[in-house]
Amino acid sequence: PARSREYNGGTGAIRQAGPIALSSAPRRNDTGSPQQEAAGNESGMMNGTIRADIKAGAKVLIVLKQDQRSGKLTEGIVKDILTKSPTHPHGIKVRLESGEVGRVKKMK
C-alpha cells in the first residue's frame, strides 16, 4: 500500500503515515439526485431544477453567480433559458429581462 511520509514537528524525526479513514457523513447541502429532488417536490412550489417548468415570461427568483455564497435571491422575469439539459441539480440557468443571469431557485 502507498504510504506518505510526514514531518514530525521540530524533532527531525520522520514517521510513516497510513491511510486516513474518512467518514461517510453526507455532504453539506447534498439533496440527492435531481430525479429524487424532482420526485420529492410535492409541496406545490416548483424549485427551478426542471427546464420544462420554466417558460419565457415567468416570474422567478434566481441566485446570481456573485451571490452564490450568500444565497441572496434576485427576482425577475425570464427572457431566455440558457441551460440546454432537461434538468440541473443547482437550478436552470436563465437570463432575466434586466439582463442578469443566474440559476432559478424558486418560481412565483
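Read the figures in this text as sums done on the coordinates, not as results from a lab. Remember, it's a predicted structure, so these values are computed and weren't measured experimentally. Virtual Cβ from ideal backbone geometry, glycine too; neighbours counted across all protein chains shown.
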Notebook entry, point to check: Based on the Cβ-Cβ distance of residue 97 and residue 68, what FRET efficiency does E = 1/(1 + (r/R0)^6) give at R0 = 22 Å, to the nearest 0.05?
Noted result: 0.55
Check: Tally Lys and Arg at +1 and Asp and Glu at -1 over the other residues with C-beta under 12 Å from the C-beta of residue 65: what net charge comes out?
Finding: +2
Check: Among the lysines, which fall within straight-line cross-link reach of residue 84, defined as a Cα-Cα distance under 16 Å, with same-chain neighbours fewer than 8 residues apart omitted?
Finding: 55, 93
Check: In terms of modelled amide H atoms, which long-range or inter-chain residues lie less than 5 Å from the amide H of residue 106?
Finding: 61
